[in-house]
Structures are given as structure tokens and as C-alpha cells.
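A short write-up of the structure that comes next.
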Protein chains: 2
Amino acid sequence: MNGADALVATLGANGVEVMFANAGTSEMHVVAALDDAAGIRPVLCLFEGVATGAADGYARVTGGVAATLLHLGPGLANGWANLHNARRAGVPVLNVVGVHPDAHDRLDPPLSSRVDQLAASLGGAVTRVHRAADVPTATAQALTSARQPRAQVSTLLLPADVAWSPFATAPGLWPTAAAHQPAAPRAHDVTEAIGWLRAGRAGLVVGGALSASNLSRAAAVAEATGARLLVETFPTIMDHGAGTPSPERIVYLTDFAVPQLSALERVVLVGAAEPIGFFAYPELPSRLLGAGCQVLDLCAHGGDVTTALTDLAAAAEVGEWRPGATPPPAAPTGPLTPATFAAAVAATVPEGAIVVDEANTGGVHLYDALAGAAPHRLMTLTGGAIGFGLPAALGAALGSDAPVIALVADGALEYTAQALWSLARESLDVTIVVVANAAYDILRLERARLGPLPTSGASHLLTDLGSPAIDHVSLARAYGVPARRVESADELVTALAQRAGGHVGPELIEVPLAPLAL
Amino acid sequence: MNGADALVATLGANGVEVMFANAGTSEMHVVAALDDAAGIRPVLCLFEGVATGAADGYARVTGGVAATLLHLGPGLANGWANLHNARRAGVPVLNVVGVHPDAHDRLDPPLSSRVDQLAASLGGAVTRVHRAADVPTATAQALTSARQPRAQVSTLLLPADVAWSPFATAPGLWPTAAAHQPAAPRAHDVTEAIGWLRAGRAGLVVGGALSASNLSRAAAVAEATGARLLVETFPTIMDHGAGTPSPERIVYLTDFAVPQLSALERVVLVGAAEPIGFFAYPELPSRLLGAGCQVLDLCAHGGDVTTALTDLAAAAEVGEWRPGATPPPAAPTGPLTPATFAAAVAATVPEGAIVVDEANTGGVHLYDALAGAAPHRLMTLTGGAIGFGLPAALGAALGSDAPVIALVADGALEYTAQALWSLARESLDVTIVVVANAAYDILRLERARLGPLPTSGASHLLTDLGSPAIDHVSLARAYGVPARRVESADELVTALAQRAGGHVGPELIEVPLAPLAL
């Protein structure tokens, strides 16, 4: 037994069942250790951003920790963007990153880099192991850090010599991560919150991971107090669809969010941060709430949302929230537009499906359209680092038995398209819908703020994806994923309905949309 | 005029002609400023690793600074791995990274991250601009940092409010980066070096950017002194082919490099670092030179290699180096193997071409085969972060009029395959040869050190790329790049010879190779 074996045994003892991996020479002893660890499934990703995005999706769906195996500084850097999304989602991810032995690293070999600093820039704990004997406790400590109440991205740096050095004796029990008790709100704050919500012009803003029962509690509280119920723009994962309250979603663009929220004088936050604009603008505020709006942070992201909402419901003496009768969404016909695209997804989403939304500008109607659809779970782009959708779908499919629908904009797809290969390799029931408007449409919109959108020059060249057109059918087939292009809403409905029966293996559907008229 | 305009004007005044870009909302004022800057060509890359790898290739070919435009922390992180390669190549790259205004960032919006720390982890200078008035001097300072004698990756963090704030008056002249004088060796060291080289069992190790004239000087010195002439495993860019000395290359694998170098008792380094193994192994040393070998670092990487070699040549009183008569490489026939692949490239490479080598295990015979080929320039994977080849070819093609041949392993291709789209978009004369052995063969080799290579389990799953097989012809076509698959050395020669006449636009050739028999 060596340090790598001790690592893998400790991970197994802590319930790690999957490692999303792109290993290299410095991780070869860990790979060998995984050979003997029947309980941990290694999933090869052709690029580290796929591995980390898959870990994010897996953690969101399972509620547990997800693990990656990465190669030195470059491997961690390649995975950084989707780890940023995971951090913003508040889900626990443990990266195991192989590094050079200290003595080797001091000689500055080609792959040496400031990997500790790089890992620290992710904002979570960085644990460097120094001796094989320390591996189990260091691993448990890194897992403990990942599972903070506000979960984080935790990185374990494992020097190759620690991995290959003998580990004397397996303990009777491998150390496990310490449990954290998420903070419950104080009774006094609950009472004050109810007062605020009843005072009129009030909002209850929820966010993070939202179960149907918690959404129902929140909706009942809002109904009883007369407050508006809102959800943050990009929640981690939420139950959604018929029978579950679909709170008013805070709009992405500052221009629209400010008027949306301007009437609010008091806001109570439960599992959500104060809404802040995605970007800064010379003429717009950064805080989306009005200048005079008071904010009560009842329960931070990562806090005990269930207790907070239960206490609020008790204090407001609310009954059970009952959904209104809404007809199921009708299948759309006619040309493909953002509206018919959203309607087609809503009309066909299978019950229990996981919907990953990275459709961006093409997906503006999705949330509302899906409110009456078959019950599903919805994951969104928490950190704004695009390239989340396909990898998250990979992780979600490995973390559950549910069918997965990945709705991905063509621009975003290109950051991590290699995930298609892993979807095919693992034979996962994932339907990928590529919303192809052949432009970074959000950037065209942003650029148009500054004056008329030029049809040539940098503003055109840096936002146009149409020259050459990307053939997503060909791209999917390159990775062993069956694919087709649809030309109407009717065809999209048919294609999605065919998938809805449950399938072994992924399929990609390209949905051409016109770019925004600006 | 605003801060973004001042940035672009300063870049233009400093000779920046291309920006490899993947911009977002926070860089929109820079994009708008580029509209009016006729002298700077914006090149859209679908992923930041493409932009930074292209910058690396561009800087290697032009000898000047290359610039990127990236979006916040995630954009910089996505480009980190190829910036690592650029740092290891010792070429100057300036990243312009848009960030949030300080006041916005303090509110912790979704895309906020520890971007300063992330940038610092690249090891180069990080310059954050605070006022529009400071933009020109900060930009010139960042460029000065990039152009240190040992060039580095320099990052300019440009808050959006600095970009959009008014810039009062354009100066008569925009500030320019300070010139650095690379250090020339001391006369005493030159004398000592010649003594070492003449003492027997000596090696002259060159590296970095190597011109034909410098290689000839080095070869003449080696010939006159009886020393062995060696080149580091991964030089930045070197003239190569018929008429130019092709030094013995230090072998990549420590197992072979140690015996290769064991007879050396004295080594003189010119533009190269002491050779260190890529990875550490329990049973092998990290230093590739024997324990008793003395090392004289005559001229550090980034130093004045031309003066060092000229002084050495003068001290050794050498004549002009004259190439021996070597027959041109013969076109191979028969099955595709690493040897026939290398011979096919050597037989067809057009004079003056730039060859980018990221063929990895499939490319073991390339260097020697190309020694007698038509004169060309060779770029290699300096930092070991794979995903370099295609982007570097993009940058090389934009930095010169030469045809470019990119030799890329199938595993490496997957890190930055999106570069294919930019190659098609820019209609560049780049021939991509994908060496497809459907495995991470180097990892199979490394894994086999630890015991018989399993045919299932993690060791198989994490090194196998064959299930499903990646269809590179389909992948290329997805991005608008014509492609074909060849099945024999004869077909490869034909395909390469057809490309050698000069073409508008890229083409991809898939070369299936068997994985190593282990």
C-alpha cells in the first residue's frame, strides 16, 4: 500500500463514488490505485473543464461531494472556470491535483508552476500533503473544507513522491470528513422578517438549492404575508414545473432588474445573496435593489434554508401551499424562435428530468415556459463562466438515473464541447439541444449600448460565430453522438418527444435561431 | 476618447498588430475602441486557450510581443495553460484582461474572483490600472515587463470603469515600452567555457530561439573544441533542415536521457537551462546530467545568445560551419508508423515552412527525420501543457507568410480543437496532421512502469481514447476545415505534397497509428 492507495481508500470511505479525471504522469500511482478500488468509477474527460463542470453538476444533483483528478498547474487551470461556477453554486468539490515532489519542483522542470497560488485563487482550502502517512487525515481535512456549510472548492495537492511512498498500515477505519451544522436563523430575526414581509412592498428572495417543499413553504409565507416571492437569477438547482411554485425570477440584465425590483422597500434573503448586477455600467447601479430598500439576510447561502423557511411558515401561521390548476404546456408549431423553442422543451420534458440551462439569450423564455411543464429539476449558470452546460449534464447523468436535457447556446458549447465524447462513452441518457444563433448575441446587445452595432470591424468580428457556420451535427458525430438538425418548432417537438421515452446514450439536436435584431 | 481608446492607441504605438480575443461584456469598450484602430487585427478565438496559444505561436515566429484580450478571471484561467507554455518558451505575451470596477467587485457579483492572484500565479508582472489617465503608462509598463530579457507573460487588469472613463487629451506620442539589453557573457566566462569544451567529455547545450546562424556558430565551436553539441528537449523555435546543424536533442524520457548524458563531465549552457527530467520517478534522478558533471551557465535563457556564441566562436578561432552533403529525404511507402509518418513530413515539408510539433509519442522520429528536409522552422511544446499545437499554428500563420504544418497528437488536439474554426475563418495556409493512436500513449507507457498494463479498470479507462473513436474528419468539417483520412504512408505523402504548393485555408489530415505495444 502506498500514499495513492491511502488516498483512494479514504475517498471511498467518505462516499466518493466517481472521479472525473484527466490524469497525467504525475498522477499515475493514483490511477493504479483506482484499479483496485471497485467503489470509485473513473470517468475520463478529454479536457479538465469537462471534468470540473461534471463535478459541479454531479454535486448539485447528488447533494454530496464530487471529486476530480487533475494534472499539475495546467490541469487545474483548465478546470478553473467551471470550478468557479461550482464555488458560486455553493457545492462541494474536491480536486486531487498531482504535483511534483518538492525536490523535483525546486529544479524548475518544464511543468513546474505556482500551483499553490493558482489553487488558492479559487477561494477555497488548499491542502498540500507532505508525507504518505499524512494522506488520510489530509484527505479528510480537504473533504471537510469542501463540505463547509457554504460548500467550497477544496484542492488537495498530492506530490508524486507522497503518492508512491509506502503507507505502512491501513487503519481499522479511514478518517472521515467532519460534519458541519448549517446555521439556523435566530428566532428574533424570524420574527423581524415576518414583520418586514407583512409591511407591504416586501420581497422574499430565495436561492441556492431549492426543493419543492422549501419552495412551497416560501410560497405559502409569501401568500400569507402579501410579499413577493422571488428567486435569484441563477439558483444552484431547483425543483420546478407543475405542482411546484415557480417564483418570479430576478432578471439577468441590470436594465430590467432595476425596474423589476424598484418597488421593494424591504427584502428578506433566504439562501440567496443580495441581488447584484452581473456587470457594471456607467449609467446603472450595481445594486439591483433600490437605494432605500432594507435587506435582512435571514439565512446565508449554505445556511439551513429548510429551518429558516419552516420557522417563517410557523411564525406566519401559514397553511399548506396548494398549486393552482394549470393546463399542461401545448406543443408549439411554426418557426423556431426563443418562444417556440422554450414551449417545445416545456411540452416534452419528461417527468423527473434534470434540465441544464445554458441557453443564454436563446433561453429567455425557458424559465417561465417550464413553470407548467412536467416536474423537473433545473440547474443554471451560477458563476457566469460559460462552458458549464454540457459538462454539468455529464455529471448530472452520472449522479442520478433521471433523463437529462442540456440546453446550450452555440457560443457556450464551444468552451467544453469535448464533453460530448464522455456522454457517448458513458452511454448516458442526455439530450443536448444546441441553440444556434451563430453569434455572441449577449455581446451584440451589450455593444449596441455604445452606439449603432457596426456590421464590420472588431465589434462584428468579435461577436459573430457565423463565418464559418459551425456544423453541430458534424461536431456531435465526431464524438460518437447521434445528431440531427430541426428546422421548425414542430420538428423540434417531434425530436424531443422521441427522446422523452428514455434512451441509452446521448443525442444532439441543433436548433437554428435568428440572432437578435439590433 | 476614453481609457479603452488610450489602451488601443498605446498598443498600436508599441507595434501590436494582432489581438487574439475572446471578449465579454466587461471588455466591450475595448472592442469598440478596436473598431477605430485600423492597425490592430482582432482575431476571434472560441476559447481562451486558443487565444493564448496563438499568442505564443505568434510571438515565437515574429520575435515581438503578442497580445490577447480576455474576459475576467474565467477567461484568464481558460488561457492559463498555454500562457504557461509561453512563459516556458520565454516569449513576450501581454494579456489585457477586463475586470469589474472596484466598487462593483466589492459587492461580489457572480463573475467576481481572485483574478489578481490568478494572474500572479502565471509568474509574470500583474498591472492593475486604476484611472483612465494612467492607461498609457500602465500599458507601456506592462509591455516593458513582457519584454524582459527573459520574456514573460504580463497581465494588464483593466477595470471596466477605467475603460469607459474619459481620457482627456491624447499625448503627442504614446509611451513605449523600455528596451532591455540582454546580458552578454563575461569574457572570463567565455575563456573558461572554451577551456571546458576542449577538455574532453564536454557538451555545449543550446536552447530557446535558435537561428540558423547561431546554430552554425554553435556547431563550429563544437567541431573545433571536440565537444558534443546538444539542444534542449523543447526549444522555443529553431531553424532546422538541410544546411543547418541539427544538434543532438536531449531525449524526453528520463530513462533514456540519463544514459544519453552520462558520459559528460562538463556542460556549457547557452540559452538553455540545465536539463531536468520532465517528471520525477522513485528510481531515477531529477537532474539528467551525471552527479559529477560540472555546469557553466554562460548565457541564461533570454540572454544574448548571439553574442555568447559569437564570442565562443572567436575564442575558439573557428571557421565557418559547412553542412555536409545530405540527400533529400526519400518519400516513404507502406503502412503508417511513427517512422513513415516522420519520413512523409520530411519528404514534403515546403521550404520556409513553420512546423509545429505536438505529435508527442507519435512524433518520436520527427526531429531526426526533418534534419535533412527542406529548411524550415520548428516549434515545440516548451511547457508540457498539451493543447499547444493547433493554437500555435494559428498564431504562427498570422505572424508570417510561411505555410504552417501542425503535427498534433489526437489526445492533445482535444484541449483546443476550437482553433480549427479560427484557422478556417482566417483562411490560413495551415496543414494539420492529426496523429491518431486513440490513446494517451505516453500515459500507457508510464503506467506500464508500475506493472503489467491492465486491459480494464482505471488504468485502461483513463488512457484509452478509442471508445468511441474520435472522427477527426467530421470534427474538422464541423469547423469548416476540409479534411481527409489517409491509410498508408503513400497516401500521406500524396496528401502532404498536394498541400505543399501553397493554399488558401487549412486542411486536416488524419493519420491513424497503432498505439504502442506494451
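For region B:228-250, filtered to residues that are part of a strand (DSSP E or B) and not β-branched (Val, Ile, Thr), the residue that is nearest to residue B:199 (Cα to Cα) is B:228.
Checked against (1) at the interface with another protein chain (Cβ under 8 Å from one of its Cβ atoms); (2) crowded, with 21+ Cβ neighbours inside 10 Å; (3) closer than 29 Å to residue A:251 by Cα, residue A:449 passes all but condition (2). Would you call residue B:49 within 23 Å of residue B:234 (Cβ to Cβ), out of contact with any strand residue (DSSP E or B) (no Cβ under 7 Å at 6 or more places or on another chain) and free of Cβ contacts under 8 Å to residues at least 60 places away in the same chain? The answer is no for residue B:49. If you take the residues of region A:191-204 that are part of a helix (DSSP H, G or I) and small (Gly, Ala, Ser), which of them is surrounded by the fewest Cβ atoms within 10 Å (Cβ to Cβ)? Here the residue is A:195.
Could you grab me the full set of residues in region B:291-306 that are surrounded by fewer than 16 Cβ atoms within 10 Å (Cβ to Cβ) and either of a type in the set (D, E, K, R) or in a strand (DSSP E or B) (or both)? The answer is B:294, and nothing else. The residues in region A:56-78 that are part of a helix (DSSP H, G or I) and farther than 27 Å from residue A:300 by Cα can be counted, and the count is 7.
When we screen A:95, A:82 for residues that are in contact with a Leu (Cβ under 7 Å, 6 or more places away or on another chain), within 27 Å of residue A:302 (Cβ to Cβ) and surrounded by 24 or more Cβ atoms within 10 Å (Cβ to Cβ), the only hit is A:95. For region A:172-190, a tally of residues being loosely packed, with under 12 Cβ neighbours inside 10 Å and not hydrophobic (A, V, I, L, M, F, W, C) returns 4.
Say we look at region B:497-518 and pick out the residues that are in contact with a Lys or Arg (Cβ under 8 Å, 6 or more places away or on another chain) and not in a strand (DSSP E or B); which of these is nearest to residue B:431 (Cα to Cα)? Checking each candidate, the answer is B:515.
Kindly establish whether residue A:425 is among the basic types (Lys, Arg) and under 18 Å from the mean Cα position of the chain (by Cα). So residue A:425 fails the test. Residues considered: B:304, B:357, B:297. Of these, the only one that is more than 28 Å from residue B:43 (Cβ to Cβ) and in contact (Cβ under 8 Å) with a residue 40 or more places away in the chain is B:304.
Quick check on this structure: which one of A:481, A:486, A:473 is in contact (Cβ under 8 Å) with a residue 60 or more places away in the chain, in contact with an Asp or Glu (Cβ under 8 Å, 6 or more places away or on another chain) and at the interface with another protein chain (Cβ under 9 Å from one of its Cβ atoms)? Within the list A:481, A:486, A:473, the selection yields A:481. Can you find even one residue in region B:306-316 that is in the same structural domain as residue B:207 (by TED's automatic domain parsing), touching a Gly at 6+ places or on another chain (Cβ under 8 Å) and of a type in the set (Gly, Ala, Ser)? Scanning region B:306-316, I find at least one residue that is in the same structural domain as residue B:207 (by TED's automatic domain parsing), touching a Gly at 6+ places or on another chain (Cβ under 8 Å) and of a type in the set (Gly, Ala, Ser), so the answer is yes.
Residue B:160 falls short on exactly one of the conditions (1) touching a His at 6+ places or on another chain (Cβ under 8 Å); (2) farther than 25 Å from residue B:306 by Cα; (3) modelled with pLDDT under 95, and that condition is (3).
Here residue B:148 clears all of (1) crowded, with 16+ Cβ neighbours inside 10 Å; (2) over 16 Å from residue B:271 (Cα atoms); (3) more than 14 Å from every other protein chain (Cβ to nearest Cβ); (4) not hydrophobic (A, V, I, L, M, F, W, C) except the condition numbered (2).
Matching residues to (1) surrounded by 24 or more Cβ atoms within 10 Å (Cβ to Cβ); (2) within 17 Å of residue A:63 (Cβ to Cβ):
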| residue | (1), (2) |
| --- | --- |
| A:372 | no, no |
| A:377 | yes, yes |
| A:387 | yes, no |
| A:390 | yes, no |
| A:395 | yes, yes |
| A:401 | no, yes |
| A:405 | yes, no |
| A:408 | yes, no |
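For residues that are within 7 Å of chain A (Cβ to nearest Cβ) and under 26 Å from the mean Cα position of the chain (by Cα), scanning just region B:25-46, find the one that is surrounded by the fewest Cβ atoms within 10 Å (Cβ to Cβ). Per the stated criteria, the residue is B:42. A single member of B:138, B:125, B:142, B:133 is away from chain A (no Cβ under 13 Å), touching a residue at least 12 places away in the same chain (Cβ under 8 Å), small (Gly, Ala, Ser) and within 20 Å of residue B:49 (Cα to Cα), and it is B:125. Among the residues of region B:79-98, those identified as assigned to a helix (DSSP H, G or I), closer than 14 Å to residue B:152 by Cα and not aliphatic (A, V, I, L, M) are B:80, B:82, B:84, B:85, B:87, B:88. When you look at residue A:314, is it surrounded by 17 or more Cβ atoms within 10 Å (Cβ to Cβ) and more than 30 Å from residue B:102 (Cα to Cα), yes or no? When the stated conditions are applied, residue A:314 does not pass them. Quick check on residue B:464: is it over 23 Å from the mean Cα position of the chain (by Cα), at the interface with another protein chain (Cβ under 10 Å from one of its Cβ atoms), surrounded by fewer than 19 Cβ atoms within 10 Å (Cβ to Cβ) and modelled with pLDDT of 95 or more? Yes; evaluated as a whole, the condition is true for this residue. Here region B:105-138 is the region considered, the condition is being farther than 17 Å from residue B:72 by Cβ and β-branched (Val, Ile, Thr), and the residue that is surrounded by the most Cβ atoms within 10 Å (Cβ to Cβ) is B:135. Against the conditions (1) within 8 Å of chain A (Cβ to nearest Cβ); (2) under 14 Å from the mean Cα position of the chain (by Cα), residue B:92 satisfies every one except (1). Residue-level analysis places residue A:504 outside the set of residues that are of a type outside the set (D, E, K, R) and buried (at least 18 other Cβ atoms within 10 Å of the Cβ).
Of the numbered criteria (1) touching a helix residue (DSSP H, G or I) at 6+ places or on another chain (Cβ under 6 Å); (2) within 30 Å of residue B:444 (Cα to Cα); (3) in a helix (DSSP H, G or I); (4) not charged (D, E, K, R), the one residue B:383 fails is (3).
Yes or no, residue by residue, for (1) modelled with pLDDT of 95 or more; (2) outside any strand (DSSP E or B); (3) crowded, with 22+ Cβ neighbours inside 10 Å:
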| site | (1), (2), (3) |
| --- | --- |
| A:224 | yes, yes, no |
| A:255 | yes, yes, no |
| A:258 | yes, yes, no |
| A:267 | yes, no, yes |
| A:272 | yes, yes, yes |
| A:289 | yes, yes, yes |
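Restricting attention to region B:261-278, the residues that are touching an Asp or Glu at 6+ places or on another chain (Cβ under 8 Å) and either more than 11 Å from chain A (Cβ to nearest Cβ) or aromatic (Phe, Trp, Tyr) (or both) total 3.
The values are calculated or read from the model by the stated rules, or taken from the named source; none is laboratory data. This is a predicted model, so every value here is computed, not measured. Cβ coordinates were reconstructed from backbone atoms using ideal geometry, including for glycine residues, and neighbour counts include every protein chain displayed.
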